[in-house]
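This report refers to the structure that appears directly beneath it.
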Amino acid sequence: MASPEALVSALADPERLMLFARICTSPDGLPIAEDRHTAKLAMRLVSAGIVTVDGDRYRAVPQAFRDSLAKPANDPLEALFSRGRLTAIPRPGKLRQALLVKLAEQFEPGRVYTEPEVRAKLAAIYEDHAALRRYLVDAGLLQRSNDGRAYGRPAEARSGLETDGRRTHV
């Protein structure tokens, strides 16, 4: 279920708005577009949840607006995600810190992870996994060995990574 902001964002583009209007006014749904540009516009409406693909037709989902407004107040972090993937990294500040804390929860405290394991976890969330990893390390939420092969989430108990400031030693 999309937030009201996500719905407005999906309709903010004049071409998408016109396409949505055409879909809404087509009693049997609008036939799926054959040109790539229209298909791309439609997929943005589908990802926002206000249009569905039903066989070979696009159909409007009017209840998406009602459902969106019926939701409790948004968690600011929720607006950063679409279909479980991070869409943008916020600027430095409270929101970014809250995001990093949430991402750090993907890692079990005290466990040592290899670089490919960290990459796989973060790549499933965001395309630029290296930036996420760097921000997590810089924030002290993930420790990194000097050779960059081992990572761990800080824990009270000894984790197998010995830390020296923000850098760690295996």
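Just so you know, all these numbers are worked out from the coordinates, no wet-lab data involved. Here the structure is a predicted model, which is why all the values come from computation and not from measurement.
A few notes on this one:
- In degrees, nearest ten, helix 36-48 long axis to first principal axis of the chain (Cα): 70 degrees
- Working note: Cα atoms of the stretch 4-70, range along each principal axis, descending, whole Å: 34, 22, 17.
- Helix 129-138 and the long axis of the chain differ in direction by around 40°, with both axes built from C-alpha atoms.
- Among the lysines of the chain, pairs that are 8 or more positions apart or on different chains and have alpha carbons within less than 24 Å of each other number 5.
- The convex hull around the C-alpha trace of the chain, projected and averaged over every direction, spans 12.5 square nanometres.
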